[in-house]
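Following: one structure in structure tokens, then a few remarks.
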Amino acid sequence: MLEKLKLPLVGALTAAVSIALVLLGNPGNMGFCIACFLRDTAGALGLHGAVAVQYVRPEAIGIVIGALIVSLITKEFSSKGGSAPVTRFVLGACVMIGALIFLGCPLRMFLRIIGGDLNALIGLIGFAGGILLGMFFLKRGYSLKRTYNISKTDGYALPILSLLILIALVFFPAILLFSESGPGAARAPIFAALAAGLIMGGVGFGSRICFVGWIRDSFLFKNYATLSGLVALLVVGVIGNIIFGRFNLGFENQPVAHTQWMWNILGLGLVGFGSVLLGGCPLRQMVLAGSGNSDSTVTVFGMVFGAALAHNFSLASSAAGTTANGRFGFVIAAAVAIGIAVYNTFFNKSTSESA
């Protein structure tokens with residue numbers, strides 16, 4: 001019975017934590033968004049110059065540390081890696097470019113839906129389509145090949161880096177950049193945000209939460225039980241937002257969102273497709289990186305690079321919509337992701353695979 005309730009409880013908890021973070025100060029419909037957190041953190045570290053999105057998000061740090069703590073307690077921490085790291089870095093950047101065209105990761109897509117943002121509901125079509133396209137390649141043998149046991153130093157790389165950034169945020173904030181207006185200036189208190197991240201990191205590791213995996217498994221294995229987490233997130237989230245006066249049904253006047261439906265579909269389509277190729281959504285990659293997977297660490301670095309690239313070259317969308325550079329960048333990123341899928345499905349058969 002408890003096992004059947006696990007995913008619904010995780011979904012409900014995710015909605016509750018996300019709504020709480022918005023009430024505590026995070027931007028509307030952005031209680032939890034991996035793309036937004038990494039984008040803001042990249043800005044705080046000086047990797048891009050978009051002054052409206054510069055702040056070290058404690059939630060991102062908490063995810064990594066929370067996953068580390070639970071994996072150590074359960075003795076499941078495992079330093080592994082070596083599965084096409086450069087490819088994963090590039091795919092991470094492609095996923096981030098798609099997310100910033102839509103303005104959110106898969107989790108924020110659902111948070112926007114529970115806030116009444118119909119643009120995100122339109123985007124869900126693209127997200128599901130991207131997952132289906134990824135499954136097309138999976139069924140035909142797509143693989144980035146096996147992972148290997150590596151040194152524990154590599155496995156601890158992102159947790160250590162995350163702790164150093166947290167120390168800088170708390171004790172040496174002068175070395176970081178902070179937005180004075182815009183989404184980067186809207187933030188929950190540091191330790192509340194950190195606690196939320198720790199909860200989501202620990203729960204994410206224990207439950208193997210993955211917004212791509214939940215949908216993929218329902219298509220691939222007809223395992224519709226995995227969708228119970230999404231249903232719980234949506235039900236609890238809508239009720240919670242209505243109670244707190246945060247539900248605004250419609251396309252217009254949604255926080256940090258645009259109404260260009262085609263690009264919402266395409267952006268999330270790239271996110272879904274790239275995440276299938278990587279083996280997990282951005283949240284899943286953060287959790288895996290915290291529990292010792294260096295391939296996921298490289299993917300996270302790729303997403304940070306993609307965020308910096310998006311804002312340094314005006315690829316990211318805004319409430320006004322997409323940019324010409326963003327549309328061109330999407331074409332390049334999508335072509336790269338499809339090229340990687342084709343190559344690793346039909347032309348890269350020399351290395352033996354392992355589960």
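The values are calculated or read from the model by the stated rules, or taken from the named source; none is laboratory data. Treat the numbers as computed from the prediction; the structure is a model and nothing was measured. Here Cβ is always computed from backbone atoms with ideal geometry, including for glycine, and neighbour counts include all displayed protein chains.
For (1) among the small types (G, A, S); (2) within 21 Å of the chain's Cα centre (by Cα); (3) assigned to a loop (DSSP other than H, G, I, E, B), each residue gets a yes or a no:
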| site | (1), (2), (3) |
| --- | --- |
| S228 | yes, yes, no |
| G237 | yes, yes, no |
| I242 | no, no, no |
| F247 | no, no, yes |
| E252 | no, no, yes |
| H258 | no, yes, yes |
| N264 | no, yes, no |
| G269 | yes, yes, no |
| S275 | yes, yes, no |
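Among the residues of region 140-162, the ones that are basic (K, R) and either over 24 Å from the mean Cα position of the chain (by Cα) or under 19 Å from I63 (Cβ atoms) (or both) come to 2 in all.
Taken across region 192-203, residues that are in contact with a helix residue (DSSP H, G or I) (Cβ under 9 Å, 6 or more places away or on another chain), assigned to a helix (DSSP H, G or I) and within 26 Å of A319 (Cα to Cα) do occur, with at least one present. Taking region 162-218 as the range and being within 30 Å of L5 (Cβ to Cβ) and aromatic (F, W, Y) as the test, the residues that pass are F191, F205, F211, W214.
Sub-6 Å Cβ pairs linking a first residue in region 88-104 that is over 14 Å from A316 (Cβ atoms) to a second residue that is of a type in the set (S, T, Y) and modelled with pLDDT of 95 or more, at least 6 apart or interchain, are R88/T299; G92/T299, ordered by first then second residue.
Exactly one residue among D154, D217 is in contact with a strand residue (DSSP E or B) (Cβ under 9 Å, 6 or more places away or on another chain), surrounded by 16 or more Cβ atoms within 10 Å (Cβ to Cβ) and over 18 Å from N29 (Cα atoms), and that residue is D154.
Just one of the listed residues (G82, G46) is out of contact with any Gly (no Cβ under 9 Å at 6 or more places or on another chain), surrounded by fewer than 23 Cβ atoms within 10 Å (Cβ to Cβ), modelled with pLDDT of 95 or more and within 29 Å of G329 (Cα to Cα), namely G46. Going through (1) under 21 Å from A42 (Cβ atoms); (2) hydrophobic (A, V, I, L, M, F, W, C); (3) assigned to a helix (DSSP H, G or I) one by one, F178 falls short only on (3). I'd like the full set of residues that are acidic (D, E) and modelled with pLDDT of 95 or more, limited to region 149-182. Passing the criteria: only E180. Screening G237 with (1) modelled with pLDDT under 95; (2) surrounded by 15 or more Cβ atoms within 10 Å (Cβ to Cβ); (3) not charged (D, E, K, R) gives one miss only, at (1). Once region 211-226 is narrowed to residues that are of a type in the set (D, E, K, R) and part of a helix (DSSP H, G or I), the residue that is modelled with the lowest pLDDT is D217. One residue alone among T87, T74 is modelled with pLDDT of 95 or more, over 26 Å from A257 (Cα atoms) and surrounded by fewer than 21 Cβ atoms within 10 Å (Cβ to Cβ), and that residue is T74.
For G129, state whether it is under 18 Å from the mean Cα position of the chain (by Cα), small (G, A, S) and surrounded by fewer than 17 Cβ atoms within 10 Å (Cβ to Cβ).
Details: under 18 Å from the mean Cα position of the chain (by Cα): yes; small (G, A, S): yes; surrounded by fewer than 17 Cβ atoms within 10 Å (Cβ to Cβ): yes.
Considered against the rule, which asks whether it is under 18 Å from the mean Cα position of the chain (by Cα), small (G, A, S) and surrounded by fewer than 17 Cβ atoms within 10 Å (Cβ to Cβ), G129 comes out as yes.
Report yes if some residue within region 11-29 is closer than 22 Å to S294 by Cα and either surrounded by fewer than 21 Cβ atoms within 10 Å (Cβ to Cβ) or at pLDDT 95 or above (or both); otherwise report no. Among the residues of region 11-29, not one is closer than 22 Å to S294 by Cα and either surrounded by fewer than 21 Cβ atoms within 10 Å (Cβ to Cβ) or at pLDDT 95 or above (or both), which makes the answer no.
Against the numbered list (1) crowded, with 21+ Cβ neighbours inside 10 Å; (2) over 30 Å from K152 (Cα atoms); (3) aromatic (F, W, Y), Y55 comes up short only at (2).
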